[in-house]
Amino acid sequence: MCYIENVTVRQDILTLEEAVELLGTSRPTFYRWLQEGKVRGARIGRKWSFQRSDLEALLDPPDPSAQQLIHELQEAIAHYERLGNP
């Protein structure tokens with residue numbers, strides 16, 4: 001039974017190579033995404049691990065109405081900050 005649990009966990013955790021393949025990108029681009037915070041991962045020693053669900057979320061673009069709301073909130077914040085800093 002423990003073996004089956006390990007297999008299940010293994011499918012949810014991806015290596016760097018598996019993550020690059022899943023996203024269909026190159027290693028340099030993937031490393032840049034890591035630095036920019038676009039991709040979340042955990043580094044233990046020299047090995048990276050990634051949650052499959054985090055990577056799959058990048059493959060599914062957000063709802064356009066949610067993107068519009070984010071844009072409007074960013075504009076409102078920028079406007080508010082300009083008012084506070086004459």
**Request:** Identify the trypsin sites (Lys or Arg not before Pro) of the range 17-79 meeting these criteria: DSSP loop state and at most 15 other C-beta atoms within 10 Å of the C-beta.
**Result:** K38, R40, R46
**Asked** Tally Lys and Arg at +1 and Asp and Glu at -1 over the other residues with C-beta under 12 Å from the C-beta of Y31: what net charge comes out?
**Response** +3
**Fill in**
For V39, the residues 5 or more places away or on another chain with a placed amide H closer than 5 Å to its own amide H are L34
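Values quoted throughout were computed directly from the atomic coordinates according to the rules given, and no laboratory measurement underlies them. Just so you know, these numbers come straight off a predicted model, no measurement behind them. Reconstructed Cβ throughout: ideal geometry from the backbone, glycine too, with neighbour counts over all protein chains shown.
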